[in-house]
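Read through the structure below, which is laid out as structure tokens, and then see the notes.
The values are calculated or read from the model by the stated rules, or taken from the named source; none is laboratory data. As the structure is a computational prediction, the values presented were derived from the model and not from experiment. Every residue, glycine as well, gets a Cβ built from its backbone with ideal geometry; the counts of neighbours run over all protein chains shown. Note: accessible area is taken over every heavy atom of the protein model, side chains too, but ligands, DNA and RNA are not part of it. Shrake-Rupley method; radii C 1.70, N 1.55, O 1.52, S 1.80 Å.
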Amino acid sequence: MSQDLDELFSKNRDWAAAQEKRQPGFFTRLLGQQTPQYLWIGCADSRVPANELVGLLPGELFVHRNVANLVVHTDLNALSVIQFAVDGLKVQHIIVVGHSQCGGVKAALAGARLGLVDNWLRHVQDVRDQHAALLEQIPEALRVDALVELNVLEQARNVCHTTVVKDAWARGQSVVVHGWVYGLHNGLLQDLRITAGGPEDVMPAYKKGLERVARRYLAEV
Ligand SMILES: [Zn+2]
């Protein structure tokens, strides 16, 4: 095996050539500016490649990924991405995307000790503890996916509570926040329908989303 990862450079050359062949001048046009309409906040999991699974090209999707797709109020990394996306790029949509069988959520649910990441996953455990009464009623085999959805609900609400999004809404800028879940087993995205396009939407959307999670998972009991 090459230490220089030649195979990746070779694949990259093939990809760039194919892209340029499909759309001549593609890269030169992108040099000018990027005008993505969407900010994707997803999990770092290698099985959830943002652009590929929604069929978007470079320049069309602004992406932030971390373990378990968290939006923590003091995370300057995520907040800076959100600010640049909203204030700079003027994205119209911010989508928080969780995925089934998320390893981070699984570890958080089980209280596994993995090292430094435990402190990051503590945020997911806060979600777990907040919804403990509901999770306890859900069959154990379904609890990871239920917590994945609850986590998306909470993180999407966190996006709505950022100063960046609140300020954008206050000045009349159109920003719509969504919560989705990606199914590792079938490659399909599911809309949790917690869409919020203004401050008045946030709590009703969150409550309805929560009710739907409860109804769906408790129906399995
Ligand atoms: Zn994950």
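Conditions tested, residue by residue: (1) buried (at least 18 other Cβ atoms within 10 Å of the Cβ); (2) within 13 Å of the ligand (Cβ to nearest atom); (3) at pLDDT 95 or above.
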| position | (1), (2), (3) |
| --- | --- |
| A85 | yes, no, yes |
| V91 | yes, no, yes |
| V96 | yes, yes, yes |
| A107 | yes, yes, yes |
| A110 | no, no, yes |
| L147 | yes, yes, yes |
| N158 | yes, no, yes |
| A168 | yes, no, yes |
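Select from segment 112-136 the residues that are away from the ligand (no atom under 16 Å from the Cβ) and either of a type in the set (V, I, T) or in contact with a helix residue (DSSP H, G or I) (Cβ under 6 Å, 6 or more places away or on another chain) (or both) and list them in ascending order.
The answer is H131, L134, L135.
Do you know which residues across segment 158-213 are among the aromatic types (F, W, Y) and farther than 20 Å from F84 by Cα? Working first, answer last.
Restricting attention to segment 158-213, the residues satisfying the condition of being among the aromatic types (F, W, Y) are 169, 180, 182, 206.
Selection gives W180, Y182, Y206.
Give me the residue from segment 69-79 that is touching a strand residue (DSSP E or B) at 6+ places or on another chain (Cβ under 9 Å) and in a helix (DSSP H, G or I) and, out of that set, farthest from the ligand (Cβ to nearest atom).
N77
Is it true that some residue in segment 31-48 is open to solvent by less than 70 Å² (accessible area, probe 1.4 Å), more than 30 Å from H185 (Cβ to Cβ), of a type outside the set (K, R) and touching a residue at least 40 places away in the same chain (Cβ under 8 Å)?
no
Got a number for residues in segment 56-68 being surrounded by fewer than 20 Cβ atoms within 10 Å (Cβ to Cβ), among the aliphatic types (A, V, I, L, M) and part of a loop (DSSP other than H, G, I, E, B)?
Adding up the residues that qualify gives 3.
Could you tell me which numbered condition V63 fails, if it satisfies all but one of (1) away from the ligand (no atom under 16 Å from the Cβ); (2) under 20 Å from the mean Cα position of the chain (by Cα)?
The failed condition is (1).
Considering segment 170-221 alone, what residues qualify as being open to solvent by 80 Å² or more (accessible area, probe 1.4 Å), of a type in the set (A, V, I, L, M) and within 16 Å of the chain's Cα centre (by Cα)?
L188
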